[in-house]
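> If you scroll down you'll find the structure; I have some questions about it.
The values are calculated or read from the model by the stated rules, or taken from the named source; none is laboratory data. Just so we're clear, the structure is a prediction, and the values are computed from it rather than from any experiment. Here the Cβ is made from the backbone with ideal geometry for all residues, glycine too, and neighbour counts use every protein chain on show. What goes into the accessible areas is simple: the full protein's heavy atoms, side chains included, and nothing from ligands, DNA or RNA. Shrake-Rupley method; radii C 1.70, N 1.55, O 1.52, S 1.80 Å.
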Amino acid sequence: MKTPTPANFADALKATRKKLGLNQAEVATFLDVSPRAIWKWENGIAPPLALTAEGALARLAILKKAHAANRKLSKNLPL
């Protein structure tokens, strides 16, 4: 996976969050930052300070894999 440039981080973060069906507060909890930080990152107001852009997207990629596995599992459950 190509690391997004700082100019693309806001878009990549927002797109990944929406693809996972998460709100900013849920992502903030997962990344151990405030919801306001997520809002600032997504709006290009401030870059991540405690995490690198690559680190934040890597953590979301882990969550994305877990989410996909969960979806696959739930499709195979008998009703």
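> In segment 29-79, what residues are modelled with pLDDT of 90 or more, in a helix (DSSP H, G or I) and among the hydroxyl-bearing types (Ser, Thr, Tyr)?
Within segment 29-79, just Thr29 meets the criteria.
> Same structure again: What are the pairs, 6+ residues apart or on separate chains, where a residue within segment 32-56 that is of a type in the set (Asp, Glu) has its Cβ under 7 Å from a residue that is part of a helix (DSSP H, G or I) and open to solvent by 30 Å² or more (accessible area, probe 1.4 Å)?
If the second residue must be part of a helix (DSSP H, G or I) and open to solvent by 30 Å² or more (accessible area, probe 1.4 Å), the pairs left are Glu42/Lys14.
Yes/no matrix, rows are residues, columns are (1) open to solvent by 30 Å² or more (accessible area, probe 1.4 Å); (2) hydroxyl-bearing (Ser, Thr, Tyr); (3) under 19 Å from Asn8 (Cβ atoms):
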{"site": "Val33", "(1), (2), (3)": "yes, no, no"}
{"site": "Ala37", "(1), (2), (3)": "no, no, yes"}
{"site": "Asn43", "(1), (2), (3)": "yes, no, yes"}
{"site": "Thr52", "(1), (2), (3)": "yes, yes, yes"}
{"site": "Arg59", "(1), (2), (3)": "yes, no, yes"}
